[in-house]
Amino acid sequence: MTALRAPAPPSPPVRHGAVESTASWSRLDRVGLALCWAAGLALCAICAAILLFMLFKGLQFLRPALLFSHPLPDLDQSRTGGFLDPLIGTFVLTLIGIAFALPIGVATAVWLTEYGRPAGLARAVESGIEIVAGTPSIVLAIFGLIIFQQHVFGFLSFTAQGGSVFGRSFLTAGAMMALLALPLVVGATREALNAIPAHVREASYALGASKARTIRRVLLPGARGGIATGATLGMGRIAGDTAIVVILLGASLQMQHGDGPPGYSILSGTGSTLTTYVYNNSPAGEGNAPDKAYAAAFVLLAIVILLNFAVGSIGGSERRVAWGR
């Protein structure tokens, strides 16, 4: 007769979220973990050093008069004006760039996520977005200058009295800046659309809604957090670029209006942003005003940090909505 075996003792319950002890790890694994900790702490230390240094230097030299006075055309910027024009140019160029990138990026993300046909074209579009994301901005600037110097695009840029088209304006620079923001908008929008459960689409179809109506009334409102995140990241990318500003905007200290109505004359004119102002007045530039460069860099860094906080708040609100909190 076969002997009866005693039942096995129940296994201890698995505690989710319990921290595993590293005592049983091999020495190589513990060294790898220590290096990961060191890399994370070093990154935090570098970020803190940059922020504290710019906070100290920026607040030391920043004065309200710099924010509200125009720069003057003088080789020695330490004795003349502030950086109101570059500050306005930063906001104008950022808004133009994201105005171009947002609708194109959202439409591209919707087509890739919800249609993606023909498959060869979809793969080509995805490859094109990746190529644009990896292309240096100086290459995009030179390409844009070649395109917008053609006479057919003369109405978009600053034009000389003899009819020569310079290809430089807020519109042309904003169009190329849109290429910098486009991959960020497409990526964030696609991620938000993919996060929407499939049964949401099926429920909309079951109620008789067409695919286009489902996209317009269900999917896009559900992905608005991702769209806003991509737009905010794109704006930060635009605000921090320099090469396109130098080549396609002219990097002049004062905003120069072009031809046309008052509003359009600003868009077709030239100017600068805080990035070029910081470079021109830094010790590497010719403005001979490092104090103003520190102040302008602090303002630019504050703008970028506010944009990053906006991304975090958007993501947090979306998570609270998703969890019903």
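Hey, got the dipole for segment 179-288? About the Cα centre, +1 on K and R Cβ, -1 on D and E Cβ, debye to the nearest 20?
Value, rounded to 20: 760 debye.
Residue by residue through segment 207-217, which ³J(HN,Hα) values in whole Hz follow from phi under the Karplus form 6.51 cos²θ - 1.76 cosθ + 1.60 (θ = phi - 60°), with glycine and proline marked x?
For segment 207-217, the Karplus curve yields 7, x, 6, 6, 5, 5, 5, 5, 5, 6, 9 Hz.
Of all the stretches in the chain, which is the longest one without any exposed loop site, taking chymotrypsin sites (Phe, Trp or Tyr not before Pro) in a DSSP loop (any state but H, G, I, E, B) with at most 14 other Cβ atoms within 10 Å?
116-322
Near Ile96, within a Cβ-to-Cβ distance under 15 Å, what is the net charge of the other residues, with Lys and Arg +1 and Asp and Glu -1?
My count for the surroundings of Ile96 gives +1.
Run the dipole for segment 47-197 about the Cα centre, Lys and Arg Cβ at +1, Asp and Glu Cβ at -1, nothing else charged, and hand back the magnitude in debye, nearest 20.
80
Please work out which option in (i) 19.2; (ii) 21.9; (iii) 29.9 gives mean projected area of the Cα convex hull in nm² calculated from these coordinates, and answer with its label.
For mean projected area of the Cα convex hull in nm², the calculated option is (iii).
What do you get for Rg/Rh over segment 222-270 if you use C-alpha atoms and the Kirkwood form of Rh?
Over the Cα atoms of segment 222-270, Rg/Rh equals 1.16.
Lys/Arg Cβ at +1, Asp/Glu Cβ at -1, dipole of the chain taken about the Cα centre: which of Thr229, Thr172, Gly285 is farthest positive-ward?
Checked the options; the winner is Thr229.
Taking 7 Å along the Cα-to-C-beta vector as the label spot, tell me the Ile104-Ala209 distance in nanometres, rounded to one decimal.
Reported label-point gap for Ile104 and Ala209 is 2.9 nm.
What size of dipole, in debye to the nearest 20, comes out for the chain about its Cα centre when the only charges are +1 on Lys and Arg C-beta atoms and -1 on Asp and Glu C-beta atoms?
The calculated dipole for the chain is roughly 1280 debye.
Can you tell me how segment 47-102 classifies by the Cα gyration tensor, rounded, prolate or oblate, using a/c under 1.5 as the rounded cut?
The shape class here is oblate.
If you bin the C-alpha pair distances of segment 171-325 every 10 Å from 0, what whole percents do you get?
Histogram of Cα-Cα distances, whole percents per bin: 10, 27, 26, 19, 12, 5, 1.
By its C-alpha gyration tensor, with a ≥ b ≥ c as the square roots of the eigenvalues, how is segment 101-238 shaped: rounded for a/c under 1.5, else prolate for a/b larger than b/c, else oblate?
prolate
Please determine, in degrees from 0 to 90 and to the nearest 10, the orientation of helix 170-194 with respect to the longest principal axis defined by the Cα atoms of the chain, where the helix direction is its Cα long axis.
Helix 170-194 sits roughly 10 degrees off the main axis of the chain.
Every number here is computed from the coordinates shown, using simple stated rules; none is lab data. Keep in mind that this is a model prediction, so the values were computed, not measured. Note that each Cβ is placed from the backbone with ideal geometry, even for glycine, and that neighbours are counted across all protein chains shown.
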